[in-house]
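Structure, as structure tokens:
The values are calculated or read from the model by the stated rules, or taken from the named source; none is laboratory data. Owing to the predicted nature of the structure, the values given are computational and were not obtained by experimental measurement. Virtual Cβ from ideal backbone geometry, glycine too; neighbours counted across all protein chains shown. Remember, those area values only see protein heavy atoms, side chains included, never the ligands or the DNA or RNA. Shrake-Rupley method; radii C 1.70, N 1.55, O 1.52, S 1.80 Å.
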Amino acid sequence: MAASPHTLSSRLLAGWVGGCVWYLERRTIQESPHKFLHLFRNVSKQWITFQHFSFLKRMYVTQLNRSHNQQVKPKPEPVASPFLEKTSSGQAKAEMYEMRPLSPPSLSLSRKPNEKELIELEPASVTEDSIDVLKETKEEKRWKEMKLQVCDLPGILARLSKIKLTALVVSTTAAGFALAPGPFDWSCFLLTSVGTGLASCAANSVNQLMLSVFLQFFEVPFDSNMNRTKNRPLVRGQISPLLAVSFATCCAVPGVAILTWGVNPLTGALGLFNIFLYTCCYTPLKRISIVNTWVGAVVGAIPPVMGWTAATGSLDAGAFLLGGILYSWQFPHFNALSWGLREDYSRGGYCMMSVTHPGLCRRVALRHCLALIVLSAAAPVLDITTWTFPFVALPINAYISYLGFRFYVDADRRSSRKLFFCSLWHLPLLLLLMLTCKRRRRDGDAAPPPS
């Protein structure tokens with residue numbers, strides 16, 4: 001039985017479409033055989049994502065409602081608003097004047113100033129209160145003088161003159177005097193010690209006085225920002241600048257006079273130069289450049305030279321050697337100290353190596369620790385000590401050099417503290433060893449005449 005033309009065309013069309021579909025499926029499978037597997041994996045991942053979607057949605061809606069409630073939470077109505085509505089404007093103003101002790105920020109946060117009375121009253125109160133607060137803060141920053149008790153004056157003057165630092169200066173001067181060749185003259189030694197101590201007290205007092213000038217007149221509280229210097233007498237206002245000037249003058253004039261006419265003019269000139277160098281060069285440079293550390297080292301190196309010149313009346317090679325030892329010793333001592341006070345120096349506005357050049361600070365400390373070994377070896381060459389001194393001083397010089405190396409490598413507060421505390425006993429012990437190993441003069445050697 002023959003098929004109808006319509007049925008035949010339908011079969012041909014269906015076969016052609018089926019063949020095209022079969023060809024496309026076969027080509028797809030041949031080109032990417034893993035696409036079906038990838039499709040099943042995507043479907044499974046979507047199924048897992050849909051499984052967690054409801055949970056994530058609930059979490060998001062919960063967090064959104066919490067933040068919305070915090071932002072849109074209605075502010076409580078002020079207690080004073082019904083009272084203001086029922087009372088007259090005069091009574092309302094009276095009540096507002098009674099409430100003036102409340103700070104304006106608290107009123108502005110509690111409610112909005114919709115009433116006319118608040119709009120008229122708040123600007124005046126805010127202006128007056130803000131002016132008072134500004135005046136109080138400015139008065140706190142300014143220098144204020146406290147009442148001075150006579151019994152407290154010796155302690156205040158001792159802190160003003162930095163009595164511990166003055167004692168160190170006098171001890172190094174005495175060491176220079178004792179190491180100098182020639183007979184030991186007790187009267188000259190006492191005059192040198194007293195004159196040097198008075199000059200040191202004057203220099204330290206002027207140093208604090210110059211720093212307090214910034215605090216009082218320029219309203220820049222440098223020392224009051226530092227924990228190390230905020231308890232100084234001038235910073236706390238325990239004495240007036242006039243009293244500090246008078247005390248410095250009373251120390252400088254007799255101190256330089258004793259050194260000049262009681263000892264010799266060379267020692268007096270060195271004392272006067274050291275006061276000038278400390279007060280007029282070192283103190284201003286502390287806020288300008290790190291060169292202040294080298295200038296301060298020169299200031300500390302002059303006292304033993306003064307002791308030598310007081311005994312001999314001349315500047316010999318031994319005087320420069322003692323000055324060199326004190327000069328090199330101060331770098332590990334002060335650099336280690338300043339490393340632990342970097343925050344204080346930065347807050348106080350001081351320009352120190354430990355703050356601006358920390359790497360240079362550690363390198364300089366290590367170099368001068370090693371320089372102490374070389375300088376100790378030069379002492380017998382210059383006939384100041386015997387050849388025993390470099391060997392007996394080698395252990396302590398090697399130890400401080402080791403601590404300087406640890407400070408250079410570690411660069412932490414622990415290593416700096418070890419180096420600093422080592423420097424405190426290193427210098428007295430080194431000078432004591434020099435005195436023990438001092439070269440004794442023979443009978444045929446004549447002492448140089450003092451000028």
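Scanning segment 242-272 for residues that are surrounded by 15 or more Cβ atoms within 10 Å (Cβ to Cβ) and β-branched (Val, Ile, Thr), which turns out farthest from residue 160 (Cα to Cα)? Give the derivation first.
Narrowing segment 242-272 to residues surrounded by 15 or more Cβ atoms within 10 Å (Cβ to Cβ): 243-244, 247-248, 251-252, 254-256, 258-260, 262-264, 266-272.
Within this subset, residues satisfying the condition of being β-branched (Val, Ile, Thr) are 256, 258, 260, 263, 267.
Working: 256: 19, 258: 22, 260: 25, 263: 27, 267: 25 Å.
Across segment 242-272, the extreme among qualifying residues is 263.
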>> So if I check each of 288, 275, which one is open to solvent by 30 Å² or more (accessible area, probe 1.4 Å), in contact (Cβ under 8 Å) with a residue 12 or more places away in the chain and either part of a helix (DSSP H, G or I) or under 29 Å from residue 348 (Cβ atoms) (or both)?
In response: 288
>> Anything in segment 323-359 that is open to solvent by 40 Å² or more (accessible area, probe 1.4 Å) and touching a helix residue (DSSP H, G or I) at 6+ places or on another chain (Cβ under 6 Å)? List them, or say none.
In response: 327, 337, 342, 346, 347, 355
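Please enumerate the residues belonging to segment 397-411 that are open to solvent by 50 Å² or more (accessible area, probe 1.4 Å) and of a type outside the set (Lys, Arg).
399, 402, 405, 408, 409, 410
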> Taking the condition assigned to a helix (DSSP H, G or I) and more than 20 Å from residue 430 (Cα to Cα), does residue 319 pass?
Replying inline: no
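For (1) among the aromatic types (Phe, Trp, Tyr); (2) within 28 Å of the chain's Cα centre (by Cα); (3) over 29 Å from residue 256 (Cβ atoms), each residue gets a yes or a no:
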{"position": "280", "(1), (2), (3)": "no, yes, no"}
{"position": "299", "(1), (2), (3)": "no, yes, no"}
{"position": "306", "(1), (2), (3)": "no, no, no"}
{"position": "329", "(1), (2), (3)": "yes, yes, no"}
{"position": "358", "(1), (2), (3)": "no, yes, yes"}
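Yes or no, residue by residue, for (1) more than 15 Å from residue 333 (Cα to Cα); (2) hydroxyl-bearing (Ser, Thr, Tyr):
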| position | (1), (2) |
| --- | --- |
| 365 | no, no |
| 369 | no, no |
| 386 | yes, yes |
| 389 | yes, no |
| 393 | yes, no |
| 399 | no, yes |
| 409 | yes, no |
| 417 | no, no |
| 422 | no, no |
> Mind checking which residues of segment 163-185 are of a type in the set (A, V, I, L, M, F, W, C) and not in a loop (DSSP other than H, G, I, E, B)?
Replying inline: 163, 165, 167, 168, 169, 170, 174, 175, 177, 178, 179
>> I'd like the residue in segment 219-256 that is among the β-branched types (Val, Ile, Thr) and either within 13 Å of residue 208 (Cβ to Cβ) or touching a Pro at 6+ places or on another chain (Cβ under 7 Å) (or both) and, out of all such residues, is modelled with the lowest pLDDT.
In response: 229
>> Return the residues of segment 330-355 that are part of a helix (DSSP H, G or I) and within 18 Å of residue 299 (Cα to Cα); say none if nothing qualifies.
In response: 330, 331, 332, 333, 334, 335, 337, 338, 353
> How about segment 425-451: which of its residues are at pLDDT 95 or above and over 22 Å from residue 321 (Cβ atoms)?
Replying inline: none
>> Against the definition (of a type outside the set (A, V, I, L, M), part of a helix (DSSP H, G or I), modelled with pLDDT of 90 or more and open to solvent by 20 Å² or more (accessible area, probe 1.4 Å)), how does residue 304 come out, yes or no?
In response: no
